Every structure is written in C-alpha cells, then in structure tokens.
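Participant: Pasting a structure below so you can have a look.
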Amino acid sequence: MKLRRITQRVKKEARGLVDRVGHTRRRFGALVEASVGSPGSSHHVLVAPPGAGNIGDQAMVEAFVAAADKPVTIITRARDDFHLPADLAEHARIEALPNLFYGQGSAHERDVRALGRVLTGAASVSIIGADIMDGVYTLRPSIRRATLAASAARRGFDTTVIGFSWNSAAPRPAWDALRAAGQAGARLLLRDPESARRVRDAGIVGVVETADIVFTDDRLAPVLPDVAASLPRPYALVNASGLIARTVDQVPEYALLIEELRSRGLHVVLLPHVIRTTADDLLACRGVAASVGGAGVTLIEEMLAPSVIRTLADAATVTITGRMHLAVMSLSRGVPAVTVATQGKVEGLMRLFDWPELCVTPRRGMGEEMVAVVRSILDSDDSRARVERGLVRARGAARANIERIGAGAAG
C-alpha cells in the first residue's frame, strides 16, 4: 500500500513537471490540429463544464442551447453529466469523450480524434470556462481547454471561451495556455470586471468583459415539482455549500442567520445546489437543518432544474448562498443574493451590481456578517430597485456570450 502511494505521488509530480514546461499544451494542440477538418455551418459545438450534479453547470449549458440558432453538439465527460429538458432536448446531442481532458495514452488520443470529427463542419466552437480555466482546481484539464481554444482558432473556427472567472493565484502554465488562446484569435469572455482586469493587466489579448451566460436565460418552470409546489410564503432561499464546509464549520453561522430570518417571519428553504460525492451541498444543508430544527424550515433533498430554481427565486424575498449560480439566478429575478465567496469569482459579480456588501468571506464568525447584510436588505425600500439597476448591466454584458450563436433566449 505504501509503495502504491509513492508510485502515485511520483506519477503526479511527473505530470506536474510536464505541464509546467509546456509539453502538455504543445502535444495536445498538435493532436487537435492534426485531427480536425475545416469549419462549416451545420452546427455549433459546446464544450461543457463538468456537470454531474451541479445545477450551475446545467444552467450554463441550457442557456447556450436555448440561445443557439443551429443544432448543438455538447462535449461532455460522461453521457449522463447533463439532462436537457424537453424544450431543449431536440436541439442538441451529447458526445461523451471521457479521456479528452482527463485521460492519457491511447484512450486520450482516440478521444482527440473523435473531437476532430465533431468539430469538422462546425459554425462555432465554444468552451464554457466558468471557474475551471485558471487551473486552481485542476491544472491539466484547464490547460487542455485553453489549448483547444487556441487550436480551433488557428484552424479558422469562430472560437469563444464563454463567461469565465480568473483567479489571481492561477498557476503559470494556465496563464501561458490562456495567452496562447488569445494570440490565436479566440475570444476570451471574462464574466466579471475583476477577472477581466487581471487578464488584461497580464497583456493577454482577446479579452471581452461580459457577465455570466446564465443571465441570458429567463425560462421559468411551467409546473413546480411536488417538493417545491406549496412552500409557505414569504420565504428565503438558503444554500450551504459543501465546498465551503471543507474549511469552515458553517452550522453555527447558518443557525444565527436562520434565527434572524425566522424572527422576520420568513420561512427558510434550504436548497442544495451541487449534489455529488465531492463537495456535497445536500450533506451541508442537512447538517444545518438538523441544528436548527424543523419549525419554519423546508429542506429540499433533490437536484432541481434551473428553470425550477428561477421560479423559486422569483417568489423569494432574499437569497443567501454559498454557490455563485444560485446568486446569479436569484439576481436575474430581481432578488438580492448574499453570497459567500469562493475562488475570487463573487467579488466581481457584485461589482456589476454595485453592491459589494453582498459578498461575504467564508470564515468563523461570518454568520454575524450575513445577518447584518440581510437586515440591511430587508430594512431598505430600495433593495429590489438596486438589483434591477445592476441587472440591466449584467444582462447587457452577458449577451456577448451568445451573440455569435443566435439571437438569444433573453430576447
């Protein structure tokens, strides 16, 4: 067992060295360019984020398909990473390439050749960047995504990296790969002012300042599932992030928040946004629910569709969340969203709304800050109007994500 761990560590260090010296980028780029044919006009290609239990990833993919004026081929890691609703399913197909970004050897090369066949004849190539381009989570897939953008652009494809954030702590190989994509002609759509500033200041070309693509999608659910159909009103949406739970004991912080919400006569809807074995919000929300008791609290224990989330947000008084896309979908319905920030991506979002206080740093004692911000929201007559003013800016900026693929779902 000890020898196995040592072997795995050596392999990991070797992969890191290969990434740092640029070999991964050069080899992957050469494979892509040797495998792909010429652009065309038959379809759009969308390289999806990981998905697999992440409502935010699902919302970004749906927003793209809803806006597209041609059929969409969605590149995923696994076929069941995304499930499109009936109104979008006939406009898209899923192509699972499990080894494209994460694999090695012959299986990886086989998926690159399959990607080449998918790209051939495409009118556009789009890569959803989100928070996975800067290499802070995992480096090699980030390098390969940026390199795919560079290679597609060099082969003449209309290429865009859609709405992504960029962490100031991004490792150097990720910077190099992004720089190469911009130089090749790919459009780099940074989804908040702070991320755009970081990339521009590094001298990288191709930067377009935008907002998250989910701001372009206003589809609501015609019917709510039973678990959400008869919630007591008024209510607040509350999310506890499984990612933040790794480093912060959130339970006492959220208990303080929920005490405040109850005292204001608000029913609390605990709403997981990511349900999967890693960073599971459902586990985090269950912990909060067990601490505060069942009175005045509803715990949602299933993954809801983005259209359902928007419909729930539409009737909410306020949202408090550890996941950015729940904030985006709430703000898009005019609802103030207090957001516990991770990965440096929320601060820029709240700059779009000229409301930095909505961004809370995850730490011991953050419950008092969340309560103070919620009080300021509920006690102000201008809160909704303030969100609406920011929403005009966000929706206008977000259209850059879809202007090359169709008129856009937001009209």
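Participant: For segment 314-408, which helices (runs of 4 or more DSSP H) that fit wholly inside it have 3 or more residues that are modelled with pLDDT of 95 or more, surrounded by 20 or more Cβ atoms within 10 Å (Cβ to Cβ) and over 21 Å from the mean Cα position of the chain (by Cα)? Full working, then the answer.
Facilitator: Values: elements: 324-331, 346-352, 366-378, 383-398.
Output list reads 366-378.
Participant: Can Val161 be described as of a type in the set (Val, Ile, Thr) and within 19 Å of Leu46 (Cα to Cα)? It would help to see each step written out before you state the result.
Facilitator: Details: of a type in the set (Val, Ile, Thr): yes; within 19 Å of Leu46 (Cα to Cα): yes.
When the stated conditions are applied, Val161 passes them.
Participant: Would you confirm whether any residue within segment 109-131 is assigned to a loop (DSSP other than H, G, I, E, B) and among the β-branched types (Val, Ile, Thr)? Step through it out loud before you land on a result.
Facilitator: Step one: list which residues in segment 109-131 are assigned to a loop (DSSP other than H, G, I, E, B), which gives 120-121, 131.
With among the β-branched types (Val, Ile, Thr) added as a condition, the list becomes 120.
Looking for residues that are assigned to a loop (DSSP other than H, G, I, E, B) and among the β-branched types (Val, Ile, Thr), one finds at least one in segment 109-131, hence yes.
Participant: When you check Phe64 against the structure, is it outside any loop (DSSP other than H, G, I, E, B), in contact with a Leu (Cβ under 7 Å, 6 or more places away or on another chain) and assigned by TED's automatic domain parsing to the domain that holds Ala114, yes or no? Working first, answer last.
Facilitator: Numbers: outside any loop (DSSP other than H, G, I, E, B): yes; in contact with a Leu (Cβ under 7 Å, 6 or more places away or on another chain): yes; assigned by TED's automatic domain parsing to the domain that holds Ala114: yes.
So Phe64 passes the test.
Participant: For residues that are modelled with pLDDT of 95 or more and part of a loop (DSSP other than H, G, I, E, B), scanning just segment 185-209, find the one that is surrounded by the fewest Cβ atoms within 10 Å (Cβ to Cβ).
Facilitator: Gly203
Participant: If you don't mind, there's one more thing I want to ask. Test each condition in (1) at pLDDT 95 or above; (2) crowded, with 16+ Cβ neighbours inside 10 Å for Gly121 and report the one that comes out false.
Facilitator: The number of the failed condition is (2).
Participant: Continuing with the same structure: Which condition number in (1) in contact with a Gly (Cβ under 9 Å, 6 or more places away or on another chain); (2) of a type in the set (A, V, I, L, M, F, W, C); (3) not in a helix (DSSP H, G or I) is the one that Ile75 fails?
Facilitator: (1)
Participant: Assess whether Arg233 counts as being out of contact with any helix residue (DSSP H, G or I) (no Cβ under 8 Å at 6 or more places or on another chain), outside the structural domain of Pro49 (by TED's automatic domain parsing) and surrounded by fewer than 24 Cβ atoms within 10 Å (Cβ to Cβ).
Facilitator: Values: out of contact with any helix residue (DSSP H, G or I) (no Cβ under 8 Å at 6 or more places or on another chain): yes; outside the structural domain of Pro49 (by TED's automatic domain parsing): yes; surrounded by fewer than 24 Cβ atoms within 10 Å (Cβ to Cβ): yes.
Spelling it out, Arg233 is indeed out of contact with any helix residue (DSSP H, G or I) (no Cβ under 8 Å at 6 or more places or on another chain), outside the structural domain of Pro49 (by TED's automatic domain parsing) and surrounded by fewer than 24 Cβ atoms within 10 Å (Cβ to Cβ).
The rows are residues; the columns are (1) buried (at least 20 other Cβ atoms within 10 Å of the Cβ); (2) at positive phi.
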position	(1), (2)
Gly105	no, yes
Glu109	no, no
Ala149	yes, no
Gly163	yes, yes
Pro173	yes, no
Ala181	yes, no
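Participant: OK, next. Quick one: in segment 189-215, which of the residues that are of a type in the set (A, V, I, L, M, F, W, C) and in contact with a Leu (Cβ under 7 Å, 6 or more places away or on another chain) is nearest to Ala66 (Cα to Cα)? First the steps, then the outcome.
Facilitator: If we filter segment 189-215 for residues that are of a type in the set (A, V, I, L, M, F, W, C), which is where we start, we get 189-190, 196, 199, 202, 204-205, 207-208, 211, 213-215.
The next check asks that each one be in contact with a Leu (Cβ under 7 Å, 6 or more places away or on another chain); those that pass are 196, 199, 204, 207-208, 211.
Values: Ala196: 26, Val199: 29, Ile204: 30, Val207: 24, Val208: 22, Ala211: 17 Å.
Filtering first and then ranking leaves Ala211.
Participant: Can you tell me which of Pro171, Pro225, Pro141 is in contact with a Phe, Trp or Tyr (Cβ under 7 Å, 6 or more places away or on another chain) and either in the same structural domain as Arg113 (by TED's automatic domain parsing) or not small (Gly, Ala, Ser) (or both)?
Facilitator: On the way: Pro171 fails: in contact with a Phe, Trp or Tyr (Cβ under 7 Å, 6 or more places away or on another chain); Pro225 fails: in contact with a Phe, Trp or Tyr (Cβ under 7 Å, 6 or more places away or on another chain).
Exactly one residue qualifies, and that residue is Pro141.
Participant: Could you run through segment 293-306 and say how many residues are surrounded by fewer than 20 Cβ atoms within 10 Å (Cβ to Cβ) and either of a type in the set (Val, Ile, Thr) or not in a loop (DSSP other than H, G, I, E, B) (or both)?
Facilitator: Step one: list which residues in segment 293-306 are surrounded by fewer than 20 Cβ atoms within 10 Å (Cβ to Cβ), which gives 293-299, 301-303, 305.
Subsequent filtering for residues that are either of a type in the set (Val, Ile, Thr) or not in a loop (DSSP other than H, G, I, E, B) (or both) retains 297-299.
Result for segment 293-306: 3.
The values are calculated or read from the model by the stated rules, or taken from the named source; none is laboratory data. Keep in mind the model is a prediction, meaning the values are calculated, not measured. Positions of Cβ are generated from backbone atoms using ideal geometry, with glycine treated the same way; all protein chains shown enter the neighbour counts.
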